[in-house]
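Below you'll find the structure, written out as structure tokens, and then a few comments.
The values are calculated or read from the model by the stated rules, or taken from the named source; none is laboratory data. The structure displayed is predicted, hence computed values, not measured ones. Here Cβ is always computed from backbone atoms with ideal geometry, including for glycine, and neighbour counts include all displayed protein chains.
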Amino acid sequence: MSNLVIAEHDQNSLKSSTLSAVTAALAIGGDVDILVCGKGADDVAKSAALVCGVSKVIHVDNEIYEHQLAESVAPLVSEIGKTYSGVLTPATTTGKNLLPRVAALLDVSQISDIVNVKSNNVFQRPIYAGNAIATVESSDSIKVITVRATAFSEAEVGEIPAPIENVSLVFAQELSQFIGERLSQSERPELTSAGIIISGGRGMQNGENFQLLEKVADKLNAAVGASRAAVDAGFVPNDYQVGQTGKIVAPDLYIAVGISGAIQHLAGMKDSKVIVAINKDEEAPIFQIADYGLVADLFAALPELEASL
Amino acid sequence: MKILVGIKRVVDANVKVRAKSDGSGMDLTNAKMAMNPFCEIAVEQAIRIKESESDVEIISVSVGPKICQEQIRTALALGADRGILVETDNEVSPLPVAKILREIVLKEQIDLVILGKLSIDTDNNQVGQMLAALLDYPQGTFACKTELQDGKIEVSREIDGGEQTLLLNLPAIVTTDLRLNEPRYASLPNIMKAKKKPIEIVTPEELNVDISSGLQMINVSPPEERLAGVKVESVAELVDKLRNEAKVI
């Protein structure tokens, strides 16, 4: 048995979600290799080589892989992956875009968003927005898997590097073309890797009021998130969204402010270690899963919270 | 141009469903069923293209039991021109669904396929990407904006850090994210008119597609329940608990 983990990166650094995918691959068993494909991503390959438990890193360097377009990367991954018994990525938007294309090229099923490895061919994954956990068994010769990063700890990073094998494989294509990217700039930690998250919902009333959250976030070195209601109302951009259709998070502390607690939102944050809810409606469903609930007007509570930190 | 939209019949998004106590599946007894919300967005996007371009035909396709005709009728009432039901009483997993759609895309000479990014029951998020692979077409997944250009389509996609824009050659596969559009409701006259629109029925066997899957569901179980904690009386008490009891700040 051997597993290939596809590294997620921005050409400069390896994303921590890759480390969680390595942990899942190690749980399946057998050798674990990491594939780094990109343009000038040498530092990423070096970081990947230091991940504990990794046997080797395969580095494919070509400008056509710069933007990780599925039309180029999928044939590359299926070509390299066909000799492995498992191919894994974190279930990020990059992984979700890429891996089903790989699975179809390999003519096998994909197992999406696993949260648990029961054996080398039995896995658990949430269905119905997390309202149930399905246990599934794969009889495919190659298990193609996306991994919910928050469900697996990050593999440790050591000091003795695994070998890096440079491979030249070019899958040029003219089907799709990269036009541009707009990435939100923030001094705060990323939502999916933050230790503390403070999120606002419809109760924030408008986008300007998110400053109240940001001030608390700055004191706690927290990321700022939002419910779908707040995003749909236009208070904040959609990459703030925590929930089944947004980002799945599991920080040490999640503070939900003015969020009622729709199933959709809970599916994205209920695995947080400690949940705090601040809401003026004491019947709000969010209180049913909160470790600490404060029934209060958020416009009074947030400045007070900021002052006491 | 010919647009194919995929439609899946799923439990209504507002219904809270639970696993059956014997673990054999979800308890959907008497649950209200509806078109998957992401498929509604796909239908809406196809209709908007039809409204802005000349000579567009929209074909709505569903894979499932006979009753899925209800959701195809909904699409027809919204503005699709005709329907195809690939009828089977078996559960069909994403790869065989993609293989079925491939046959229809080739037979109908489809220029643009618009699918939901995932269905809210199985949460797989696979079919669009798999179909693109099988046809060797480009893919624009998780779309929040599309714009047709001469023989191409520009797709803005929701990605983790923000938004990415791609230009795809047609024919292409697009999968919808939530913010692509706000689906309309069908009007009563259009619902009546939809009853006369044709729905063709075929089977996976007639399309020569093997619907077996390498993935078997062993059981479903309820998620671990999280219990409600305590109510605190003040911000000061909250901060004290977070510092000294939970030790997270």
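Looking across region A:268-283, the residues that are β-branched (Val, Ile, Thr) and under 23 Å from the mean Cα position of the chain (by Cα) come down to A:VAL274, A:ILE275, A:VAL276. When A:THR245 is tested against (1) surrounded by fewer than 21 Cβ atoms within 10 Å (Cβ to Cβ); (2) among the hydroxyl-bearing types (Ser, Thr, Tyr); (3) in contact with a Leu (Cβ under 8 Å, 6 or more places away or on another chain), exactly one condition is not met: (1). The residue that is modelled with the highest pLDDT, among those in region B:15-24 that are part of a loop (DSSP other than H, G, I, E, B) and facing chain A (nearest Cβ under 9 Å), is B:GLY23.
If the requirement is being surrounded by 16 or more Cβ atoms within 10 Å (Cβ to Cβ) and either of a type in the set (Phe, Trp, Tyr) or touching a residue at least 40 places away in the same chain (Cβ under 8 Å) (or both), which of these qualifies: A:ILE145, A:ILE133, A:ILE127? Let's see the steps before the verdict.
On the way: A:ILE133 fails: either of a type in the set (Phe, Trp, Tyr) or touching a residue at least 40 places away in the same chain (Cβ under 8 Å) (or both); A:ILE127 fails: either of a type in the set (Phe, Trp, Tyr) or touching a residue at least 40 places away in the same chain (Cβ under 8 Å) (or both).
The unique qualifying residue is A:ILE145.
Every condition in (1) touching a residue at least 12 places away in the same chain (Cβ under 8 Å); (2) farther than 21 Å from A:GLN124 by Cα; (3) at the interface with another protein chain (Cβ under 8 Å from one of its Cβ atoms) is met by B:VAL232 except one, and the failing one is (1).
For (1) within 22 Å of B:GLN45 (Cα to Cα); (2) in a strand (DSSP E or B), each residue gets a yes or a no:
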{"position": "B:ARG184", "(1), (2)": "yes, no"}
{"position": "B:LYS193", "(1), (2)": "yes, no"}
{"position": "B:GLU200", "(1), (2)": "no, yes"}
{"position": "B:GLN216", "(1), (2)": "no, yes"}
{"position": "B:GLU224", "(1), (2)": "no, no"}
{"position": "B:ALA236", "(1), (2)": "no, no"}
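Just one of (1) in a helix (DSSP H, G or I); (2) of a type in the set (A, V, I, L, M, F, W, C); (3) out of contact with any His (no Cβ under 7 Å at 6 or more places or on another chain); (4) surrounded by 23 or more Cβ atoms within 10 Å (Cβ to Cβ) fails for A:VAL44. It is (3).
Identification of strands (runs of 3 or more DSSP E) wholly contained in region A:88-165 with 1 or more residues that are in contact with an Asp or Glu (Cβ under 6 Å, 6 or more places away or on another chain) and facing chain B (nearest Cβ under 7 Å) yields A:122-127.
Residues in region B:110-148 that are facing chain A (nearest Cβ under 7 Å), among the hydrophobic types (A, V, I, L, M, F, W, C) and touching a Pro at 6+ places or on another chain (Cβ under 8 Å): 4 in all. Per the conditions (1) more than 22 Å from B:LYS99 (Cβ to Cβ); (2) at pLDDT 95 or above, the sole criterion not satisfied by B:LYS66 is (1).
Please find, among B:LEU215, B:LEU166, B:LEU238, the residue that is under 30 Å from A:PRO303 (Cβ atoms), facing chain A (nearest Cβ under 8 Å) and modelled with pLDDT of 95 or more.
Every option except B:LEU238 fails the conditions.
Tell me the helices (runs of 4 or more DSSP H) entirely within region A:177-276 that contain at least 2 residues that are in contact with a strand residue (DSSP E or B) (Cβ under 8 Å, 6 or more places away or on another chain) and more than 21 Å from A:SER17 (Cα to Cα). Walk me through how you get there before you give the answer.
Details: elements: A:210-220, A:228-232, A:263-269.
Output list reads A:210-220, A:228-232.
Looking at A:VAL236, A:VAL231, A:VAL224, just one residue is within 9 Å of chain B (Cβ to nearest Cβ) and in contact with a Phe, Trp or Tyr (Cβ under 8 Å, 6 or more places away or on another chain), and that residue is A:VAL231.
Does any residue of region B:34-42 turn out to be surrounded by 14 or more Cβ atoms within 10 Å (Cβ to Cβ), more than 28 Å from A:PRO126 (Cα to Cα), modelled with pLDDT of 95 or more and not acidic (Asp, Glu)?
no
Restricting attention to region A:60-87, the residues being touching an Asp or Glu at 6+ places or on another chain (Cβ under 9 Å), outside any helix (DSSP H, G or I) and within 12 Å of another protein chain (Cβ to nearest Cβ) number 2.
Conditions (1) in contact with a strand residue (DSSP E or B) (Cβ under 8 Å, 6 or more places away or on another chain); (2) crowded, with 22+ Cβ neighbours inside 10 Å; (3) over 17 Å from B:ALA186 (Cα atoms), marked per residue:
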site	(1), (2), (3)
B:LYS2	yes, no, yes
B:LYS20	yes, no, yes
B:MET26	yes, no, yes
B:GLU70	yes, no, no
B:ALA80	yes, yes, no
B:GLU87	yes, no, yes
B:PRO94	yes, yes, yes
B:ILE100	yes, yes, yes
B:ILE114	yes, yes, yes
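May I ask you to verify whether B:ASP177 is within 10 Å of chain A (Cβ to nearest Cβ) and either touching a residue at least 60 places away in the same chain (Cβ under 8 Å) or on the phi > 0 side of the Ramachandran plot (or both)? Criteria met by B:ASP177. Could you tell me whether any residue of region B:128-143 is crowded, with 22+ Cβ neighbours inside 10 Å, assigned to a loop (DSSP other than H, G, I, E, B) and more than 17 Å from the chain's Cα centre (by Cα)? Yes; the residues of region B:128-143 include at least one that is crowded, with 22+ Cβ neighbours inside 10 Å, assigned to a loop (DSSP other than H, G, I, E, B) and more than 17 Å from the chain's Cα centre (by Cα). Condition check: touching a Leu at 6+ places or on another chain (Cβ under 7 Å), in contact (Cβ under 8 Å) with a residue 12 or more places away in the chain and among the hydroxyl-bearing types (Ser, Thr, Tyr). Does A:SER168 satisfy that? Taking the combined requirement at face value, the residue does not satisfy it.
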